[in-house]
Amino acid sequence: MPSLSFTQLSYSWPDGTPVLDGVTGTVDSGLSALVGANGVGKSTLLRLLAGDLEPSAGSLSRPASVTYVPQDVALHAERRADAVMGLESVRAAIRAVESGDADPDHFDVIGDDWDAEERAAATLASLGLPPDTLERTVGELSGGEITRLALAAALHARPDVLLLDEPTNNLDGEATRHVIEALAARPGATLVVSHDRRVLARVGAIGELRRGSLRWFGGAIDAYEEALAVERAAAQQDLRTARADVSRQHRELRAHVEGAARRSKAGAAKAENAAKILVGGKRRQAQVTMARVTGVHEDRLADARERLDVARAAADGDREIRVELPGTAVPARRDVATLADVELRTGTVVRAAIQGPERIILSGRNGAGKTTLIETLLGTVAPRSGEARVDVPVGLLPQRLDVLDPSLTVAENVRASASGASPHEVREALARFLFRGSGGDAVASTLSGGERFRAALASVLLARPAPQLLILDEPTNNLDFASRAHLIEALEDYRGALLVVSHDAEFVEALAPTREWRVDAGGFHDRPR
């Protein structure tokens, strides 16, 4: 099968900020994944490979057909699904011929695609969508169904190379399983940007984009993590060795300087009665020798410090979010929120309450009404009947992280939510969220995905009054492994009540939820975990 190759690709934003610098690689047949820290340029690389962006340098060799599905699929609500899949004209022509219209134009439109509808139905079914999806408009579909429709259109096109950016975001477990199976069975080359371990467990190779270079690892996520563990162990050993070497070189330099000073003093005492010209000559010779030897020691120390900097950069894994949040604590029996016989606009009736520092997972299939329940609880959507009430300060971290004002700096955003906090208090708190020094002065619109996530999390958790109910809607979407770990670290210090929507099983397990709220066709269910 044709592959896609690229050599020394470089790209910079219009303001001159470099994103990629000399990236080389090949996308071969089969399912492979592209991973890397948020902001490293994964989505940009995909857009370059798809031809959506033009590189500032480098070359690309593409096969005849390349299809790209971005992270956020934007489809017009009134557009029919068959049009999204490119079948509108073919279906109309087939219907006309079947009704007895022998216009040659209909046959030209159909060509060899007499089985187009059957193939489309099979593709939709492989993604867990019913055949009548073709008759529906985009506005009639849930968010997860829209994502799968865009994937169905891409699969139906049967491209040589398929490029996907986080295709399982917002999908429930069943939908994710369908997507993974469909991608694994697809012929041709498929490259997926993903941090979903369920996807990464099925790939044949993983490409890691780091500091402008692309490295490939054979195998799935387990093999990749094993290789990284070996590298991290070696990097930590190099770091220990480099630190020890800096200390040793520093001691040797100090010992040399102190020893030279003692020898110089002793030599001067012995030579008091010697001829002045001889003393002067020896002193100059001693000074030259001392400078030369001192220079050697200083060079060795500088080299050792340089090796230490390299080792620190290679280790680069010891940064953790640790923040005390005493104001978020909620007593065990305190009323936090109540949904009293609330009928959602979806028709589901909810009877539930949150008390104390409970950790609740809100689950259900795409379109079941999870977001509607949250909006009703927060009062942004009115219930058909019943009463929804929140009795404590609440913080919401939405999927799109739109809690930040893009025109303000990180520090200004946090200060806006933490009214009354001094600039020093804000800076001190931001440092615990890894915004140290000038990091807090970065404008929100310039942040990478991981930085934007940490800034949004800081704005929500550091708000005043402190949120004693924290609602997270698919918080791990688009997060790299480090950012996901940062979120878990921050939530370990959170002492309030948690209500979390997530299809990330590993993340849910790390939260150790006490209860589950589930919304499905049978209604609302509240059960312990």
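A few points about this structure:
- The stretch 326-528 shape via C-alpha gyration tensor axes, a/c threshold 1.5: prolate
- Neighbours of Ala229 by Cβ distance under 14 Å: Lys/Arg scored +1, Asp/Glu scored -1, total -4.
- The relative contact order of the chain comes to 15 percent, based on Cα pairs under 8 Å that sit 6 or more residues apart.
- Selection from Asn170, Ala93, Leu9 lying farthest towards where the dipole of the chain points positive, charges on Cβ: Leu9
- When the alpha carbon gyration tensor of the stretch 92-238 is reduced to an equivalent ellipsoid, the three semi-axes, largest first, read 41, 17, 11 Å.
- Segments 159-172, 495-508 sorted - mean Cβ within 10 Å per residue, highest first: 159-172, 495-508
- Cβ crowding within 10 Å ranks Ile110, Ile471 as Ile110, Ile471, fewest other Cβ atoms first.
- Averaging the sequence gap over all C-alpha pairs within less than 8 Å and six or more residues apart, then dividing by the number of residues, gives the stretch 326-528 a relative contact order of 31 percent.
- Nearest-ten-degree value, helix 173-185 long axis tilted from longest Cα axis of the chain: 80 degrees
- Acute angle (nearest 10 degrees) that the helix 221-270 long axis makes with the longest principal axis of the chain, alpha-carbon atoms: 20 degrees
- Using the Cβ-Cβ distance between Ala332 and Ala157 with R0 set to 60 Å, the FRET efficiency from 1/(1 + (r/R0)^6) comes to roughly 0.60.
- Dipole magnitude of the stretch 24-151 about its Cα centre (Cβ charges: Lys, Arg +1; Asp, Glu -1), debye to nearest 20: 840 debye
- Percent of Cα pairs in the chain per distance bin of 10 Å, from zero to the largest separation: 3, 14, 21, 22, 16, 9, 6, 4, 2, 1, 1, 0, 0.
- Dipole magnitude of the chain about its Cα centre (Cβ charges: Lys, Arg +1; Asp, Glu -1), debye to nearest 20: 4100 debye
- Selected from Thr372, Leu155, Leu46, residue furthest toward positive end of dipole (the chain; charges at beta carbon): Leu46
- Note on the chain: dipole from Cβ charges, positive end direction compared against Pro55, Ala116, Leu75; the farthest Cα belongs to Pro55.
- For Glu140, Glu258, order by how many other beta-carbon atoms lie within 10 Å, fewest first: Glu258, Glu140
- Exposure proxy shown here: for Trp517, Trp13, the number of other Cβ atoms within 10 Å sets the order, fewest to most, as Trp13, Trp517.
- Charge dipole (Cα centre; +1 on Lys/Arg Cβ, -1 on Asp/Glu Cβ; no other charges) of the stretch 326-386 amounts to roughly 140 debye.
Every read-out reported here was derived from the displayed coordinates using simple, explicitly stated rules and does not represent laboratory data. Keep in mind that what you see is a predicted model, and the values were worked out from it rather than measured. A quick note on method: Cβ atoms are made from the backbone with ideal geometry, for glycine too, and the neighbour counts reach across all protein chains shown.
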